[in-house]
1. Has the range 114-122 got at least one residue that is modelled with pLDDT of 95 or more, assigned to a helix (DSSP H, G or I) and more than 15 Å from the chain's Cα centre (by Cα)?
2. For the range 12-22, which positions are touching a helix residue (DSSP H, G or I) at 6+ places or on another chain (Cβ under 9 Å) and within 15 Å of residue 136 (Cα to Cα)?
3. Can you tell me which condition residue 40 does not meet? The list is (1) surrounded by 11 or more Cβ atoms within 10 Å (Cβ to Cβ); (2) under 27 Å from residue 146 (Cβ atoms); (3) touching a residue at least 40 places away in the same chain (Cβ under 8 Å), and all the others hold.
4. When the range 50-84 is examined, which residues are found to be over 27 Å from residue 97 (Cα atoms) and in contact with a helix residue (DSSP H, G or I) (Cβ under 8 Å, 6 or more places away or on another chain)?
5. Quick one: how many residues across the range 125-141 are surrounded by 12 or more Cβ atoms within 10 Å (Cβ to Cβ) and out of contact with any helix residue (DSSP H, G or I) (no Cβ under 8 Å at 6 or more places or on another chain)?
6. Within the range 94-124, which residues are over 14 Å from residue 62 (Cα atoms), loosely packed, with under 13 Cβ neighbours inside 10 Å and in contact (Cβ under 8 Å) with a residue 12 or more places away in the chain?
7. Does residue 73 fit the bill of being in contact with a strand residue (DSSP E or B) (Cβ under 9 Å, 6 or more places away or on another chain), in a loop (DSSP other than H, G, I, E, B) and surrounded by 14 or more Cβ atoms within 10 Å (Cβ to Cβ)?
8. Give me the pairs, please: first residue somewhere in the range 132-150 and on the phi > 0 side of the Ramachandran plot, second residue anywhere and surrounded by 15 or more Cβ atoms within 10 Å (Cβ to Cβ) and in a helix (DSSP H, G or I), beta-carbon distance under 9 Å, and either six or more positions apart or on two chains.
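The values are calculated or read from the model by the stated rules, or taken from the named source; none is laboratory data. Note that the structure is predicted; figures quoted are calculated from it, not measured. Here Cβ is always computed from backbone atoms with ideal geometry, including for glycine, and neighbour counts include all displayed protein chains.
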């Protein structure tokens with residue numbers, strides 16, 4: 001399996017897990033924040049939904065000028081899954097155009113004339129597109145717990161869901 005095929009396989013697997021987390025975001029808590037310096041639940045959820053496509057797009061521009069990071073918020077939960085689907089489709093499309101030589105190309109981020117970051121495109125995809133995505137998805141699962149939403153299984157059982165045991169059937173009526 002090529003590196004691109006492995007990245008695509010991981011993207012697809014993790015997209016399904018991310019979908020389960022985003023499906024649990026409660027409509028009435030989008031403005032909730034655990035701290036005044038934190039993103040709101042709506043901001044974090046939309047960020048989680050859009051990371052793969054945004055980072056895949058970003059890796060195509062080098063040098064990449066560091067933008068002012070303004071994180072928009074989801075205004076409804078109905079926009080989260082379509083945003084995720086569009087983001088994953090964009091990432092998939094961009095990754096399919098790459099080969100090992102592209103992954104080895106050095107990507108650079110700049111702030112004006114100052115280089116802020118330089119790393120191979122493959123490392124950017126692994127660390128920022130995927131690891132950064134998982135980091136924020138984990139953060140989102142903590143937000144869900146804090147607002148009383150059920151937390152889905154991510155890599156194993158959560159306190160609310162265990163995919164490794166069969167659901168209990170209701171006792172037969174007597």
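1. Yes, that holds for at least one residue.
2. We begin by selecting, within the range 12-22, every residue touching a helix residue (DSSP H, G or I) at 6+ places or on another chain (Cβ under 9 Å); these are 12, 14-15, 17-19, 21-22.
Those that are touching a helix residue (DSSP H, G or I) at 6+ places or on another chain (Cβ under 9 Å) and within 15 Å of residue 136 (Cα to Cα): 14, 15, 17, 18, 19, 21, 22.
3. (3)
4. Matches in the range 50-84: 71, 72, 73, 74, 75, 76, 77, 79.
5. Step one: filter the range 125-141 for residues surrounded by 12 or more Cβ atoms within 10 Å (Cβ to Cβ), giving 125-130, 132-141.
Subset that is out of contact with any helix residue (DSSP H, G or I) (no Cβ under 8 Å at 6 or more places or on another chain): 127, 135, 138.
Looking only at that region, the number is 3.
6. Answer for the range 94-124, where residues must be over 14 Å from residue 62 (Cα atoms), loosely packed, with under 13 Cβ neighbours inside 10 Å and in contact (Cβ under 8 Å) with a residue 12 or more places away in the chain: 96, 99, 100.
7. Details: in contact with a strand residue (DSSP E or B) (Cβ under 9 Å, 6 or more places away or on another chain): no; in a loop (DSSP other than H, G, I, E, B): yes; surrounded by 14 or more Cβ atoms within 10 Å (Cβ to Cβ): yes.
Here the answer is no, as residue 73 does not meet what is asked.
8. 148/29
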